[in-house]
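What follows is a single structure, written as structure tokens, with notes after it.
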Amino acid sequence: MNEFISKHAVRIVGVAAAAIPLAAFLFPDIPWEGLVATAAGLLGVSEVAQRHENTKTAAALASTSPWDRAAAAQAALAEIEAKLIKEAEPADEAAGTQAVTPA
């Protein structure tokens, strides 16, 4: 249950906040002071939920992504390819051939 609340805290608070005007419409006998107190309480809870979401976002941004390793591997392959191209250029000049460059 705690995991569900942790994952969906903002949604739960949003549903509860949306229920306040609905309760005022459906039950006009409810004292407005109670609804105002409930709305104020939900503002505090939503602030806590927002801070919790910010903590989860910061933790996710601080962790390494599997795509970081893929980008590093791609950069290493690009370096290898650049070295191979440089090594092939003198051999082409010695053989008397040149790469065709567009005009």
With θ set to phi - 60° and the Karplus curve 6.51 cos²θ - 1.76 cosθ + 1.60, what are the ³J(HN,Hα) couplings of region 69-79 in order, to the nearest whole Hz, using x for Gly and Pro?
5, 5, 5, 5, 5, 5, 5, 5, 5, 5, 5
Along the dipole axis of the chain (charges at Cβ: +1 for Lys and Arg, -1 for Asp and Glu; origin at the Cα centre), the most positive-end residue among 57, 2, 20 is 20
To the nearest 20 debye, what charge dipole does region 14-89 have about its Cα centre, counting +1 at the Cβ of each Lys and Arg and -1 at the Cβ of each Asp and Glu?
120
Could you check which residue among 45, 36, 13 shows the biggest mean-square fluctuation in a GNM of the chain with a 10 Å Cα cutoff?
36
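Given a 1.4 angstrom probe, what's the average accessible area per residue across region 1-41, in square angstrom?
On the way: 3240 Å² over 41 residues.
Ligands and nucleic acids excluded, the figure is 79 Å² per residue.
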Could you give the angle, 0 to 90 degrees to the nearest 10, between helix 2-26's Cα long axis and the longest principal axis of the Cα atoms of the chain?
40
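Under 13 Å from the Cβ of residue 49, count the other residues' Cβ atoms, weight Lys and Arg +1, Asp and Glu -1, and hand me the total. Walk me through the intermediate numbers first.
Details: positive: 7, 11, 51, 56; negative: 47, 53.
Value of the local net charge: +2.
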Rounded to whole Å, give me the distance from the Cα center of region 1-43 to that of region 59-87.
49
Computed label-point distance, nm, for sites residue 12 and residue 50 using a 7 Å Cα→Cβ extension
1.9
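Using helices alone, I'd like the mean residue ellipticity at 222 nm for the chain: each DSSP H run of four-plus residues gives -39500 (n - 2.57), total over residue count, nearest 500.
Values: 3 runs with 85 residues, N = 103.
Calculated at 222 nm, the ellipticity per residue is -29500 deg cm²/dmol.
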Inter-probe distance in nm under a simple model that places probes 7 Å from Cα toward Cβ, at residue 5 and residue 63:
2.2
When you take every Cα atom in the chain, what is the radius of gyration, and what is Dmax, the widest Cα pair distance, in Å?
30.9, 97
Can you give the extra length, in nm with one decimal, that the chain gains between residue 40 and residue 23 once fully stretched, where that is 0.36 nm per residue apart less the Cα-Cα distance?
4.6 nm
I need the phi-derived Karplus couplings for region 52-57: 6.51 cos²θ - 1.76 cosθ + 1.60, θ = phi - 60°, integer Hz, Gly and Pro marked x.
5, 4, 4, 5, 5, 5
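The values are calculated or read from the model by the stated rules, or taken from the named source; none is laboratory data. Quick caveat: nothing in here was measured; it's all calculated off a predicted structure. For neighbour counting, all protein chains shown are included, and Cβ atoms are generated from backbone atoms with ideal geometry for every residue, glycine included. Keep in mind that these areas ignore ligands, DNA and RNA; they rest on the heavy atoms of the full protein, side chains included. Shrake-Rupley method; radii C 1.70, N 1.55, O 1.52, S 1.80 Å.
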